[in-house]
Amino acid sequence: MPLRPTFFDCGDAALLVDFGSHYDPSLSQAILAVSEALTCSQLRGVNESIPALSTLTVFYDPLELPKENLIAEIENHCRSEHAMATKPRSWDIPVVYGGASGPDLGEVSERTGLTSDAVVSLHAGHTYYVYMLGFLPGFAYLGDLPQRLRLPRRKTPRARVPTGSVAIATDMTAVYPLESPGGWHILGNTPVVLWDMSRSGEPLFRPGDWVRFKPVSEEEAAEIREKSRAGWAPEPQEAL
Amino acid sequence: MTASLRILDAGLAATIQDSGRRGLQRFGVPVSGALDHVSLRIANVIAGNPPYMAAIEIIGAGLVAEVEADSAVIAAAGMVSRFMVESGKSMHVVSGFRSFLARRGDILKIPPPKNGSVCYLAVEGGFDVAPVLGSRSTYRRAKIGGFQGRTLAKGDRLPLCQPAAAERPPVMLDVSLAAPEALRIMRGPNAGYFTPSAFETLLSSTYTVSPSSDRMGLRLQGPALERAIGGELPSQGTTEGGMQVPPDGLPIMLLADRQTTGGYPRIATVIGADIAAAGRLTAGIAIRFEEVTRDEAVGLLKAQQSWLASLPWLLKAAPADAVSVERLLSNNLIDGVTSAGEDNP
């Protein structure tokens, strides 16, 4: 299906390409394809872009690239096949659910009317799509969360959410790649390092990837944490 | 012997910054970099550096540092009219926007930035800190870049790339910078989420910068901006200078350390040519907004870029009287240098 975006200026050097308010993985894949095509087109003056749920924000140099040319180029890519050149990958992420690792599991179970075990098996029984990264380096917005787990964000955000926290809010789930303030409900914690910026130029999850969570014991997590400290990172599988 | 600049008083929130971390916003990495890229560039040009070499960004309070190199050419630019160099028993008063050849043991005393929040201290050859993801800019939340990924602290020894400076006459630039009274804006990408009168309110009111502002953004106090459509947007990319409006209706102007994505609608965007000026604002300063067209904004950006590119040709020999030697160390000029805890009015 051809995409028909609308364009909005974000000042003189960025353009918001808006594909509407609805989002799903197939629209996201099309946005990623446009973003990739734009990067590969080597159009002089395009600096970088941020793919998001239903938008693409393109940063450009207005002294090098007239806005009209940029829009024409984007519209051109929107008309063609929306295939991503980058192969999406799939990840299995070990999580210790509940206890000190998941301080909100009890409350989520209460508010959803599900047992804690049911919350865990719903959360871990679903494969999530990486829509976008934002908020923090390597913070991936994973969707769509099963309907029965959807809750608004906490009224009062926590000042400190620990690194590796696996949390949910609205229709998304995520892993906090580093300690930060946060308002999502924490179900568990993963020992996997989401992005060691001193070692790698890229985060573990890229937009377009798929993620599954796998419940593990404290002992298994401790082993993985030990390996991670020595530089170990999980191997992705090629997504179908 | 390694050359370094030893921090004796780090002030409030001094960090190492360059032009920022570009190309990784899709992975959630903020751009960071200098709040006032114009002043950073000026300091570097005067110190004899490439325009965006990493320098010390000084915010809110002053900075005191000792030169632990045989010699070093330094320059301060931004909201600084002069600073002091204690050299043995004498005290030099050095104008901003001028180079100074400091010697081993000299103590640099940068006063709190005046009428604004920020100034830069550049050293010829730069600081020998490793780039992280392509930039030496400090991004505190992820503890990356700059000196150990954090704000500077007393006792830090910032390694310098150059152990000594070549003797040469001092140079200066005839510029003066001010905190802006008004910033020029364009209608924002989500302006349609607000009532038609909200944008008029923004243009006709005076806002005051709130003390809870930081390198991520300036919180503005003034009339609330009314929404026509409630709720949040699906998270989308943010841009520097974007003015996002949370539910309380008070705009937040996004600056260097802004998150790359957000769900608050943006009513306006500060134009590229005024981003550096916006970085000079600090708590308590009153600010107005003027609307310009995109064509005007691009014209202003072009003019600013060609002025910045011409700076190396505007350098001239600095007159000797730009440095005065004060014998009295009790001179009131040094007052306030270490008043790190006090708010800048």
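Laid out as a table, the results:
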| read-out | value |
| --- | --- |
| Segment B:108-145, residues that are farther than 20 Å from B:Ile46 by Cβ and either part of a strand (DSSP E or B) or aliphatic (A, V, I, L, M) (or both) | B:Val129, B:Ala130, B:Val132, B:Leu133, B:Ser135, B:Tyr139, B:Ala142, B:Ile144 |
| Evaluation of B:Ile46 against (1) at pLDDT 95 or above; (2) under 13 Å from the mean Cα position of the chain (by Cα) (one fails), failing number | (2) |
| Checking A:Glu107 against (1) at pLDDT 95 or above; (2) of a type outside the set (A, V, I, L, M, F, W, C); (3) assigned to a loop (DSSP other than H, G, I, E, B), the condition it does not meet | (3) |
| Residue, nearest to A:Gly134 (Cα to Cα), within segment B:215-266, restricted to residues that are of a type in the set (Asp, Glu) and either touching a residue at least 60 places away in the same chain (Cβ under 8 Å) or touching a helix residue (DSSP H, G or I) at 6+ places or on another chain (Cβ under 8 Å) (or both) | B:Asp257 |
| Which listed residue, of A:Ala37, A:Ala13, A:Ala30, is in contact with a Pro (Cβ under 7 Å, 6 or more places away or on another chain) and either within 13 Å of another protein chain (Cβ to nearest Cβ) or more than 23 Å from B:Leu300 (Cα to Cα) (or both) | A:Ala13 |
| Count - residues of segment B:260-313 that are farther than 26 Å from B:Ala224 by Cα and more than 10 Å from every other protein chain (Cβ to nearest Cβ) | 9 |
| Test set (1) away from chain A (no Cβ under 14 Å); (2) more than 27 Å from the chain's Cα centre (by Cα) - B:Arg215 fails condition number | (2) |
| Flag for B:Leu158 being touching a residue at least 12 places away in the same chain (Cβ under 8 Å), part of a strand (DSSP E or B) and out of contact with any helix residue (DSSP H, G or I) (no Cβ under 8 Å at 6 or more places or on another chain) | yes |
| Breaking point among (1) farther than 17 Å from A:Tyr141 by Cβ; (2) in contact (Cβ under 8 Å) with a residue 40 or more places away in the chain; (3) facing chain B (nearest Cβ under 10 Å); (4) among the small types (Gly, Ala, Ser), for A:Gly20 | (2) |
| Those residues of segment B:241-259 which are facing another protein chain (nearest Cβ under 8 Å) and assigned to a loop (DSSP other than H, G, I, E, B), in sequence order | B:Gly241, B:Gln259 |
| Test result for A:Val95, in contact with a His (Cβ under 6 Å, 6 or more places away or on another chain) and not assigned by TED's automatic domain parsing to the domain that holds A:Ala14 | no |
| A:Asn47 being among the polar types (S, T, N, Q) and within 14 Å of chain B (Cβ to nearest Cβ) | yes |
| Residues located in segment A:55-85, provided they are under 23 Å from the mean Cα position of the chain (by Cα) and part of a loop (DSSP other than H, G, I, E, B) | A:His82, A:Ala83, A:Met84, A:Ala85 |
| Checklist (1) over 30 Å from B:Glu296 (Cα atoms); (2) surrounded by 15 or more Cβ atoms within 10 Å (Cβ to Cβ); (3) in contact with a strand residue (DSSP E or B) (Cβ under 8 Å, 6 or more places away or on another chain) applied to A:Ile74, failing item | (1) |
| Residues being of a type in the set (S, T, N, Q), farther than 23 Å from A:Lys214 by Cβ and free of Cβ contacts under 8 Å to residues at least 60 places away in the same chain - total across segment A:68-125 | 3 |
| Failed item, numbered, when A:Ser54 is tested on (1) within 10 Å of another protein chain (Cβ to nearest Cβ); (2) in contact with a strand residue (DSSP E or B) (Cβ under 6 Å, 6 or more places away or on another chain) | (2) |
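The values are calculated or read from the model by the stated rules, or taken from the named source; none is laboratory data. Worth saying up front: this structure is predicted, and the values here are computed from it rather than measured. Cβ: placed from backbone, ideal geometry, glycine included. Neighbour counts: every protein chain shown.
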